[in-house]
Amino acid sequence: MELLWEILFYLSGFIIVWAMVGYPLSLKLIGHLYKSKTLKKDYSHQPTVTLMVVAHNEEKIILEKLNNIIKLNYPKEKLEFLVASDNSTDKTNEIVTKFINEHSEYKIRLYEVKARKGKTNAQNEAQKTVDTDYLVMTDANSMMDKNSVKELMAAFTSDDIAYVTGGLRFVNQESSDVSNAESSYWDSDLLTRNIESKIQTITAGNGAIYACRTKDYYDFDPIECHDSAMPTLYAIQGKRAIANHDAIAYEKAGEVIEDEFGRKVRMNRIILKYILPDIRILNAFKYKWFTYFYLGHRTFRYLLWISHFILFISNAILMLDSWIYTATFFMQLLFYLLGFIKKITKSNNKYLTLIYYYCITILAQWVGVFNVMTGEAKPFWEKAESTR
């Protein structure tokens, strides 16, 4: 029995270390082998595009978003705008309708979703009204750089590229320790995606700004989100999902932990499935680097919740067998204690903030798992007000 606990201890420890340190470092080393590969762009590629904005009760921000997107640097005759309003009950639809009437020189449509079933369902419904060659999708609170659509389209340089995600930048990184921690995490993740994209394909995008061919659009279950589901689907189909971080969108990161925690719980609403969404991913002979990318970047991260639990329990059982196990057990206790100290003291110490932020991330995974197991996972959520 002791051998079993030792196996569990080292296995769970490996998963945690590899997910947070080992995989990013390995990817940097692998990236050096492909340093000659660069993102190809063709700025003459300017097909017809529908830019879809999904909104639910966004009366505070929707007018700013509309004014933002009509200023995009893309041929006016090739660009349409579609607002998919997910059963909005505030003044969102009224504001959009008024804007359409006052800006008849632009091709702007409002699609009203009658029953609120979440962002993905709204996209599924609204997409069926699209007849342009490409779809660009963005959130209501994501302000787009004027060249963002041009950059996205320029990255579709071959038929096997089915999806392009842009780069998200936070405009309030220094507003709070929470927004700073989220910005730091996101910056490191962008570096990882850059390398994955350069070598073969990314494992996830971001909902702020991304594009696909209209013919390649797939109706996902509303509980799923395009960020995780789309790149994986295309990779399994033998296509590529890539990143062009010169296509920029700007957002506010959550400034209070409640907003950021809620966002992470939402991200984990289907966490058990995403550990390994399709067993075919394990076929490294067929999927090559994608198998390595998905296991390292996704599977191991989605296992952090259970790995930390197993590591703690196995360590507690083994701690009397060796001073090494005793030391690692108290190191774990100290780690969680430092996170708790941050919570009660509200300290601005950056190291305490990072520890606390990590603990909140793991807790959000646990809540996500609980919601899945109890049937409480929902395809929609309440927006984070501090990001508006």
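The values are calculated or read from the model by the stated rules, or taken from the named source; none is laboratory data. The structure displayed is predicted, hence computed values, not measured ones. Cβ placement follows ideal geometry from the backbone for every residue including glycine, while neighbour counts extend to all protein chains displayed.
List of remarks:
- Residue ranges of helices (runs of 4 or more DSSP H) in segment 232-291 with at least 2 members at pLDDT below 95: 257-267, 271-274
- Complete set of residues in segment 37-51 that are exposed (fewer than 13 other Cβ atoms within 10 Å of the Cβ) and closer than 15 Å to Ser148 by Cβ: Tyr43
- When residues of segment 23-64 are limited to those that are in contact with a Lys or Arg (Cβ under 7 Å, 6 or more places away or on another chain) and charged (D, E, K, R), the one farthest from Asn93 (Cα to Cα): Lys37
- Those residues of segment 337-357 which are hydroxyl-bearing (Ser, Thr, Tyr) and more than 26 Å from the chain's Cα centre (by Cα), in sequence order: Thr345, Ser347
- Here Asn141, Asn147, Asn124 are screened, and the one residue that is at negative phi, polar (S, T, N, Q) and at pLDDT below 95 is Asn141.
- When Val164, Val130 are screened for being buried (at least 22 other Cβ atoms within 10 Å of the Cβ) and either modelled with pLDDT of 95 or more or in a loop (DSSP other than H, G, I, E, B) (or both), only Val164 passes.
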